[in-house]
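> I have a structure I would like to understand better, so I am pasting it below and will then ask my questions one at a time.
Just so you know, all these numbers are worked out from the coordinates, no wet-lab data involved. Keep in mind it's a predicted model, so treat the numbers as computed, not measured. With ideal geometry, Cβ positions are generated from the backbone for all residues, glycine too; neighbour counts draw on all protein chains shown.
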There are 2 protein chains.
Amino acid sequence: MSEKTPDVAPAVLRNNASLFAALGDATRLDLLMHMTTGEPRSITRLSRHSALSRQAITKHLRVLEDAGLVRSKSRGREKLFGLEPGALDETRHALDMISKQWDESLARLKAWVEDPG
Amino acid sequence: MSEKTPDVAPAVLRNNASLFAALGDATRLDLLMHMTTGEPRSITRLSRHSALSRQAITKHLRVLEDAGLVRSKSRGREKLFGLEPGALDETRHALDMISKQWDESLARLKAWVEDPG
DNA sequence: TTAATATGCAACCATAGGGTTGCATATTAA
DNA sequence: TTAATATGCAACCCTATGGTTGCATATTAA
């Protein structure tokens, strides 16, 4: 740490690892997108969009729920999944922060960046 | 697809899966944060911050590079890694998009959201 | 009551992911 | 030329992850 820049954007980002990991799967992103429209859906219904088994979808939904991206509610024999409000806010904020640091850092290193090879 | 809402925010997000996956690891987030300060660093230097072996760090750096988050340049016997400008922009944009959809969707379902359990 | 539907649970499988160590090779410093 | 430094490559290991199938159980519809 001998830089002139103080260590902003510290451990913050690190805490988002599991959230990013949850987003790091195409099937789960598909599920999220389907949920981005209309009312909460049952597991069976969400499974219809996919070629995967219901169990596979169930597991993915659990990952999303653990990551706090999704919330579930049991209604009768079915379990409805919907989006968790504000779940992405924190992550977006973290990304904005690091992105800002990024730009500042790069501005200082313009010369190297422009002649990388 | 019998909803009244058209399927916006389509495959876009899906394409970011590998990028999110790359961000979904604490070690890699640490590396990124270290790179967010100062000039490009060699593998050995980046390894010093961690308890992991140089090889482990090398692998992580490769993942970051494949995801387009980082760029490397060989200088003499060492390989320097630095941030890839604008790498996060696309992702941030995708997140903003889905987040917007999210909010709209949730607004429509306020009743359910307010009484989840 | 009976049949159909929606899940949950558990056992299993194969592969990808994260780490390590040892050895070879290219640069740079003495 | 020799020694030290920075990487690359490859073989292994163990565990997590993503999927499957079969069976049990709770609800709802006939």
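> Cα atoms only, segment B:16-84: Rg and Dmax in Å?
When restricted to the Cα atoms of segment B:16-84, Rg and Dmax are 11.1, 35 Å.
> While we're looking at this one, here's another question. Residue-wise, which Karplus ³J(HN,Hα) couplings in Hz belong to segment B:49-59, taking 6.51 cos²θ - 1.76 cosθ + 1.60, θ = phi - 60°, and x for glycine or proline?
With the stated coefficients, segment B:49-59 comes to 5, 10, 7, 6, 6, 4, 4, 4, 4, 4, 4 Hz.
> Oh, and also: Any chance you could run the full-extension gain for A:Arg54 through A:Ala107? It's 0.36 nm times the residue separation minus the Cα-Cα distance, nm to one decimal. Walk me through the numbers before you get to the answer.
Details: separation 53, 0.36 × 53 = 19.08 nm, distance 4.89 nm.
Separation in residues times 0.36 nm, less the Cα-Cα distance, equals 14.2 nm.
> So which of A:Lys59/B:Lys73; A:Lys100/B:Lys100; A:Lys100/B:Lys79; B:Lys59/B:Lys100 end up more than 30 Å apart, counting from Cα to Cα? Intermediate values should be presented prior to the final figure.
Values: A:Lys59/B:Lys73 41 Å; A:Lys100/B:Lys100 21 Å; A:Lys100/B:Lys79 25 Å; B:Lys59/B:Lys100 35 Å.
Beyond 30 Å: A:Lys59/B:Lys73; B:Lys59/B:Lys100.
> A further question on this structure: List the trypsin sites (Lys or Arg not before Pro) in segment A:17-117 that DSSP assigns to loop (not H, G, I, E or B) and whose Cβ has at most 12 other Cβ atoms within 10 Å. Which are they? Don't skip to the end; give the middle numbers.
Details: sites: A:Arg28, A:Arg41, A:Arg45, A:Arg48, A:Arg54, A:Lys59, A:Arg62, A:Arg71, A:Lys73, A:Arg75, A:Arg77, A:Lys79, A:Arg92, A:Lys100, A:Arg108, A:Lys110; in loops: A:Arg77.
Those that pass, being in a loop and sparsely packed, are A:Arg77.
> Residue farthest toward the positive end of the dipole of segment B:16-84, with Cβ of Lys/Arg at +1 and Asp/Glu at -1: which of B:Leu46, B:Leu29, B:Val70?
B:Leu46
> Here is a follow-up. Most exposed first by the Cβ proxy, i.e. fewest other Cβ within 10 Å, how do A:Met35, B:Met33 rank?
B:Met33, A:Met35
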